[in-house]
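Every number in this text was worked out from the coordinates using simple rules, so none of it is lab data. Just so it is clear, the structure is predicted and the values come from calculations on it, not from any experiment. Using ideal geometry, Cβ is built from the backbone for each residue, glycine included, and neighbour counts are taken over all protein chains shown.
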Amino acid sequence: MRRKVMAGNWKMNMLPNEAIKFIGDLTPLVKDSKPEVIICAPFTDLFYTLLSCQDTNIHVGAQNMHWKESGAYTGEISAEMLKVINVEYVIIGHSERRQYFNETDETVNLKVKSALKNGLKPIVCVGETLEQKEAGKTIEVITSQTAKALEGLTIEDLNNTIIAYEPIWAIGTGKTATSEDANESIKEIRKEVLNKFGTDDITILYGGSVKKENAKELFTTSDIDGGLVGGASLDADTFSKIVNYDL
Ligand code: 13P
């Protein structure tokens, strides 16, 4: 279902005491905000973040999970392990995981299906490299990643799934896609979902150097439903200004 969502991805940042302070600072700043607010925390912060978010309108997500239910996978975390402590969302297939940890479209699809089966809502990341962009392959890459990530899902699954379009060249570089380009790419992703599922009623976020200065321009376009925010989600005041971009 299409709705406004602003998600923070803390990546490998924030110690538990910092997470608790952040949530305490953010809570009053977003208590009346229209977009749904999600914080995706490192595993070791999840429990503290969940406790701090009780009785607030802030939702909590993880940044990764394994697709297997359980077993001899040292160092991994299953969907059920996240679900039982009340984690609601999980980022799947972030480009940093594809790039540094060899995640593929196939493992992304396995993870998406396992997340949904266990009652977690996946935030599925797609995006092109600079090389692919310069070769004019953006649309081909992102529609193919989308189709593969969502393979085997039902329409009901789509209601519980968020897509994040994150051009890799824009992540952490200070280079943001123009709102027109980001909107056009997201339109193409929406078209791909329509082709495959007969509906394009799905929330699609933009990520890549979102800042308080560019939030309004990005999030008032026709097809961008919100943001997946990295660096600018590490400061409660800054992140709240992105969440409240329309105030
Ligand atoms: P930045 O906002 O730091 O560019 O990171 C974007 C991102 O990767 C969010 O998942």
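Mind listing the long-range amide H neighbours of Ile92? Cut-off is under 5 Å, sequence gap 5 or more, other chains count too, H placed in the peptide plane at 1.01 Å from N.
Hits under the 5 Å cutoff: Ile123, Val124, Cys125.
Where does the chain land at 222 nm, in deg cm²/dmol rounded to the nearest 500, when only DSSP H runs of n ≥ 4 count, each adding -39500 (n - 2.57), divided by all residues?
Numbers: 11 runs with 105 residues, N = 247.
The helix-only estimate for the chain comes to -12500 deg cm²/dmol at 222 nm.
By a straight-distance test (C-alpha under 13 Å), which aspartates and glutamates pair with Lys34 as possible cross-link partners, with residues fewer than eight away in the same chain excluded?
Candidates past the 8-residue exclusion: Asp225, Asp246.
Tell me the trypsin sites (Lys or Arg not before Pro) within the stretch 145-241 that lie in a loop according to DSSP and have at most 13 other beta-carbon atoms within 10 Å. Each step should come with its number before you reach the end.
Details: sites: Lys148, Lys175, Lys187, Arg190, Lys191, Lys196, Lys211, Lys212, Lys216, Lys241; in loops: Lys175, Lys211, Lys212.
Sites meeting the loop and neighbour criteria: Lys175.
At what distance in angstrom do the alpha carbon centres of the stretch 174-247 and the stretch 21-37 lie from each other?
19 Å
Collect residues whose amide H, placed 1.01 Å from N in the peptide plane, falls under 5 Å from the amide H of Gly8; neighbours closer than 5 in sequence don't count.
Distant-sequence amide H within range of Gly8: Ile38, Ile39, Cys40, Val229.
Please work out whether the stretch 1-51 counts as rounded, prolate or oblate from its C-alpha gyration tensor, where a ≥ b ≥ c are the square roots of the eigenvalues and a/c under 1.5 means rounded, while otherwise a/b larger than b/c means prolate and anything else oblate? Write out the running numbers ahead of the final one.
Values: a/c = 2.49, a/b = 1.51, b/c = 1.65.
It comes out oblate by the Cα gyration axes.
Please order Met1, Met65, Met81, Met12 by the number of other Cβ within 10 Å, starting at the fewest. Walk me through the numbers before you get to the answer.
Values: Met1 11, Met65 25, Met81 18, Met12 7.
Result, fewest neighbours first: Met12, Met1, Met81, Met65.
Taking Cα pairs under 8 Å and at least six residues apart, what relative contact order does the chain come out at, in percent? Mind showing how you got there, number by number?
Values: 487 pairs, mean separation 54.5, N = 247.
It rounds to 22 percent for the chain.
Check cross-link reach from Lys31 to the lysines: straight Cα distance under 28 Å, and skip same-chain residues fewer than eight apart.
Answer for Lys31, where 28 Å is the Cα cut-off: Lys4, Lys11, Lys21, Lys83, Lys121, Lys211, Lys212, Lys216, Lys241, listed by chain and number.
Please compute, for the alpha-carbon atoms of the stretch 106-179, the extent along each of the three principal axes and give them in descending order in Å.
Dimensions of the stretch 106-179 along the principal axes of its Cα atoms: 37, 22, 21 Å.
Cut-off 10 angstrom, C-alpha nodes, Gaussian network model of the chain. Which of Tyr89, Tyr206, Tyr100 fluctuates the most?
Judging by the Gaussian network model, the answer is Tyr100.
To two decimal places, what compactness ratio does the stretch 13-112 give when its Cα radius of gyration is scaled by 2.2 N^0.38 Å?
This ratio for the stretch 13-112 stands at 1.15.
What nm distance separates the two modelled labels at Asn57 and Leu29, each placed 7 Å from Cα along Cα→Cβ?
1.6 nm
Once amide H atoms are built 1.01 Å from N in the peptide plane, which residues 5 or more positions from Gly226, or in another chain, come under 5 Å H to H?
Correct list: Val5, Tyr206.
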